[in-house]
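Q: The structure follows.
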Amino acid sequence: MDNAQSLIAPGHTEKHADLCARLRQRQVAEVVQVSDRGSAVQNWLTALISDLSYYLFTWLPRTWWVTLTSLPQLLLDPIGFWTALVFASVTTVVLFATLIFSASWRLSFFQVRWQAISAIADVGLGNFAYPLIFEFDADPQNELIRNAAFKAMSHPDGADAKPSSAEERNFDLEISKILMMISALVYERNVGAYHKAARVAQRVKHQKKQVTCGRDALTQAGSEIGNHLGLADSKIRRVANEWGLNYASISELATNTSPLCGAFWHPDHNFIILAFKGTNPVEFKEWAIDFTFDYTDGRAWLPGFSKVHAGFYNQLFPQDLNHATGAFPYTEIRTAISQIAEEIRITSTSHCDHVNLFVTGHSLGAGLASLFYARAIASPKDFGKTEEGCDRIRVRDAYCFGTPIVGDPDCVSAFNQVCHERDLDRPQALWRVTSRRDAVATLLPDAGDNHMLRHISPLSQLHFAHIGQEVQLSNNINKVYTGPGTLLPTQTPVYVVTHLDGDGEGPNVSLPLIYQLLEYVPVVRRLVAHVPSSYWDRLTKVHAGGPIEYARTH
């Protein structure tokens, strides 16, 4: 593929300035709605009491009730019971340690020092191991990767884009790198500034003040909230502009804490990237959601799905708006991307009747991205039709990193069916990129992934599974696998493809020495392998070539 046209930098906000202003107004209104929901407006003591209460009176009783009431399965399913018991015990200890760390981190003593370090390094905690991931000037190959990815995402059906077919699947190395960078970038939200916005919004809400006046303006109260939100998202927006992209936060996912859904787009190119932010390393309740395996019935919003992870599902599709926010995240997201798509159709040089949508996320964000993607490919009508009856938005591939389990094997079957329904010659794919050392992606109960273990009781905590096509980044940097839990038959060819000269490796990444040493410490290396910098390091060492091997076991 020829390199894409040179991109105008920084950004193109002048083309979509009105759109960005409207999206900011929507964000302000939503933050007012969710301002009472979460820990952002709590002081240190209140937040500690809230987290401790959740741990003692919600998470522990729920987890151990499910585990101990599985005791009758001891005779019929001893492996499932004992594994669930061990898992409940380990997560109880791990979450308690996380609670202590979270409370300690919020102390002003640590916050003052961390903020000084963060300001000097110009990076958040999630990307502290390798802040150069965002620096295109750090390696000349970065611009080539970006341009190739933009061209492939604008014309994913073109021969140059090397799309998948009915007989084989192609994992696009340049697209995966751009989406990995964006998954890491959304961690750069300034949490302190966002908490200030939430506190102002809470005050405005209780005083019943208006935050908008008419279609195109914010009131004084709305402007104050908007200023804090602008500061919270300034790093994300600045880096996106340097890459030639616009950025807008389009959903707070029914909470005033850390989860976030953001949209990235280029007015001259025919695509939107939807990114879900992952777990805040110091937000206790987000870790608790990751380690909570409550089932809920997902069929209301996910056709064919049965039991899904309640924590992820409720952040996109809240089941009780009276006790939530009044905002419905999935509706907020699809409305915003429909507005962005309409503007792109006007300004894009591609002159297409549709806009291509790509989805990404890391960790908790990958779980949310997976469920959003499952709904989006099953119900493309959610995004409307053009005057000619075509889809306004065409849902393309998703690239998710460090993905946790999201549902049971019935969900996998329903997801696979939808992937094969639309167009066998141009199949959609959710690429689930997994480091084989990653605790979140590989150590959570996922017996539903493995045909040898699917006999385990559907009531067991082990009976969860991943959706999507797994790409395993092994301990051996020269090996890449496609593994269990995929939607493809064993031995289906899966290729890593590149649009650049050579085999697509790069840019050159070297993690700090302390980080490299931690990768050899038992247990710790499992957690280290989950952070975005680790995935970026491994992904840059993947090279294109023949079909990648199939791994029969994790």
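Q: I'd like to know which of Gln220, Trp287, Trp243 lies farthest towards the positive end of the charge dipole of segment 209-296, counting +1 on Cβ of Lys and Arg and -1 on Cβ of Asp and Glu.
A: Gln220
Q: Now, a different point. Where a ≥ b ≥ c are the square roots of the eigenvalues of the C-alpha gyration tensor, would you call the chain rounded, which needs a/c under 1.5, or, failing that, prolate if a/b is larger than b/c, or oblate?
A: Because its axes are fairly even, with a/c under 1.5, the chain counts as rounded.
Q: Moving on to the next point. Where in segment 332-426 are there GluC sites (Glu not before Pro) that are in a DSSP coil and have at most 15 other Cβ atoms within 10 angstrom of their Cβ?
A: Taking segment 332-426 and a limit of 15 other Cβ atoms within 10 Å, the loop GluC sites (Glu not before Pro) found are Glu387, Glu388.
Q: Taking 7 Å along the Cα-to-C-beta vector as the label spot, tell me the Glu549-Trp82 distance in nanometres, rounded to one decimal.
A: Here the modelled spin labels are 3.1 nm apart.
Q: Would you mind checking the radius of gyration and Dmax of segment 256-384 based on alpha-carbon positions, in Å?
A: 15.6, 47
Q: Could you tell me which GluC sites (Glu not before Pro) in segment 86-191 are loop residues by DSSP with no more than 10 other beta carbons within 10 angstrom of their beta carbon?
A: Hits after loop and neighbour filter: Glu167.
Q: Placing +1 at every Lys and Arg Cβ and -1 at every Asp and Glu Cβ, with all other atoms neutral, what dipole size does the chain have around its Cα centre, in debye to the nearest 20?
A: Dipole size: approximately 1540 debye.
Q: Any chance you could run the full-extension gain for Arg299 through Glu242? It's 0.36 nm times the residue separation minus the Cα-Cα distance, nm to one decimal.
A: That works out to 16.4 nm of additional length.
Q: Same structure, new question: So which aspartates and glutamates can Lys205 reach, going by Cα to Cα under 16 Å and dropping same-chain residues fewer than 8 places off?
A: Glu30, Asp36, Glu224
Q: Pulled fully out, how much extra length does the chain show between Phe96 and Trp114, if you take 0.36 nm times their separation in residues and subtract their Cα-Cα distance?
A: That works out to 4.2 nm of additional length.
Q: While we're here: In terms of Cα to Cα distance under 25 Å, which lysines are near enough to Lys208, apart from those fewer than 8 places away along the same chain?
A: Qualifying lysines at Cα under 25 Å: Lys196.
Q: For the chain, what relative contact order do you get, as a whole percent, if you take Cα pairs closer than 8 Å and at least 6 residues apart?
A: Relative contact order comes out at 17 percent.
Q: With the cut-off at 28 Å, tell me which of the pairs Lys285/Lys479; Lys162/Lys479; Lys235/Lys479; Lys177/Lys385; Lys162/Lys541 have Cα atoms farther apart than that.
A: Lys285/Lys479; Lys235/Lys479; Lys177/Lys385
Only the coordinates and a few stated rules stand behind these numbers; no lab work does. Quick caveat: nothing in here was measured; it's all calculated off a predicted structure. Neighbour counts run over all protein chains shown; Cβ positions are idealised from the backbone, glycine included.
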